[in-house]
Every structure is written in structure tokens, then in C-alpha cells.
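In what follows, a single structure is set out as C-alpha cells and then discussed.
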Amino acid sequence: MLCAVRRGILGGTFDPLHVVHLMAGEAARHLLGLDVISFVTAGDPYQKHGIPMSNKQQRWDMTVLGVEGIEYFEADDREVQRLGPSYMIDTLDTFDAGEEIFLILGADAAAGLPTWHRWEEVVDRTTVAVISRPGVAEEEVAATGAPYIWLDTPGIPISSTQLRARAEAGRSIRFFVPDPVWRYVEENKLYATA
Ligand code: ATP
Ligand code: MG
């Protein structure tokens, strides 16, 4: 008998993709026995409208560069290819119905699930797996009422917002992001202010 694919989905803006994204994927893979983790780059992160952001090609490039060489991680461009707001429910509908899908979320994202488009359907279709994030208590996640698995991982206080600010201030972000991402940011002067 063929076993269903156990797929993790880790969606993000990835501006830039950083090491905690990779650690979250690895923790989920290891603790939940997943076959593959799809890093889904948000094409139009509608909840971030009004916040300055690298364009979707650049964010996609950083996703590809960030996961390259890791055999069970894959960069997934289905939201980048799709027009309109990137709703997770639409993304989930494009995966084979036979797959078992684990939605990997930082605690901030998990606490915000009820703000997502058709969020109950997202929760029905997937198993939500939550990575702890400094500043967000597990109670905030529990308060959504959605079932979830809490992955026992250390909280690491790194965010893309903070890394963009670091780079803009002329400080190094090397080793906060995978090296190929760091090189890409440098070569394209992605967060340079001058
Ligand atoms: P930004 O500051 O631009 O929002 P971010 O660091 O939050 O960037 P995203 O691309 O927004 O990164 O997040 C993608 C996913 O990774 C989300 O589920 C988010 O909660 C999770 N994530 C990102 N950084 C962390 C972290 N330090 N700890 C736990 N989860 C994280
Ligand atoms: Mg975020």
C-alpha cells in the first residue's frame, strides 16, 4: 500500500528568508516525520499592504537560494505565479487531496489565524504545527480555538523586519540568513538606503 505524502507547508514573505525559517522547517520535519517541506513564497501578502517590501521576484529568488541543496526542502512558486491576494485556502486547494498537509506557523501567525480568509477551512484541511516565537504566549494560539500541535523548539528572536532594519543601518546580516541569500542581498543592495 502506498503511504500518503506527509507535506509541511511553510508560507512566508521571505524578505529575507532567514535561519529561523529553516529551523522551523527542520523541527517540523524531524518531530512530525514529514517527507517534504514546501516553502511557499507569498505572491501578494495582502495583510502587509502598505509596508515597503522587496518585489515578488526578489523574494522568490531568496526562497530558492535559501533552500537550495537541502533535499527535503523545496521552494514553491504557486502563490508567486497566481494573481490576486495570496490566500492559503486557494493554495491548499492546489495540492493533491490525498496528501497529508501540515501547516507550519510561527506562534504570531498561528495566533492570527482567525484573520485569514476562510480560515476554518484552512484548519480543517491541515494539521497546524506551531513553532514558538518570543513575545507570543501559547495561550494566544490556544485562544483561536483551532486544534494545533505545539512543537517544542526554542524561541529565537529573529525577524525579517529586524534584519531589513539591520541591513539598512549598514550592519551585517551574514549568518542570520543562509549564505546564498546574504550574497544576493549584498549584490543587489536590497536593503541599502543610499
Ligand atoms: P516579517 O518581519 O517581514 O513579518 P518574519 O520574520 O515574521 O518576517 P515571515 O516571512 O513573515 O517572516 O514568516 C513566515 C513564517 O515564519 C511565519 O509563520 C512566521 O511566524 C514564521 N517565523 C518567522 N520568524 C520566526 C521566528 N523567529 N520564530 C518563530 N517563527 C518565525
Ligand atoms: Mg512575519
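The values are calculated or read from the model by the stated rules, or taken from the named source; none is laboratory data. Quantities reported herein were computed from a predicted structural model and do not represent experimental measurements. All Cβ positions, even for glycine, are placed from backbone atoms using ideal geometry, and neighbour counts span all protein chains on display. Surface areas here come from the heavy atoms of the whole protein model, side chains and all, with no ligands, DNA or RNA. Shrake-Rupley method; radii C 1.70, N 1.55, O 1.52, S 1.80 Å.
On the basis of being away from ligand 2 (no atom under 16 Å from the Cβ), closer than 17 Å to Gly25 by Cβ and more than 14 Å from the chain's Cα centre (by Cα), does Thr126 make the cut? Here the answer is yes, as Thr126 does meet what is asked.
Quick grid of which residues meet (1) within 13 Å of ligand 2 (Cβ to nearest atom); (2) modelled with pLDDT of 95 or more; (3) over 14 Å from the mean Cα position of the chain (by Cα):
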site	(1), (2), (3)
Leu31	no, yes, yes
Val40	no, yes, no
Tyr46	no, no, yes
Gly50	no, no, yes
Ile70	no, yes, yes
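Take residues that are buried (at least 16 other Cβ atoms within 10 Å of the Cβ) and tell me which of the helices (runs of 4 or more DSSP H) falling wholly in the stretch 131-194 contain 3 or more.
It comes to 160-168, 179-187.
Looking only at residues of the stretch 14-60 that are surrounded by 20 or more Cβ atoms within 10 Å (Cβ to Cβ) and polar (S, T, N, Q), we find that the one that is nearest to Lys189 (Cα to Cα) is Ser54. Restricting Thr94, Thr115, Thr63, Thr126 to those that are among the polar types (S, T, N, Q), open to solvent by less than 50 Å² (accessible area, probe 1.4 Å) and more than 10 Å from ligand 1 (Cβ to nearest atom) reduces the list to Thr126.
State yes or no: is Ala169 touching a helix residue (DSSP H, G or I) at 6+ places or on another chain (Cβ under 8 Å) and modelled with pLDDT of 95 or more? No.
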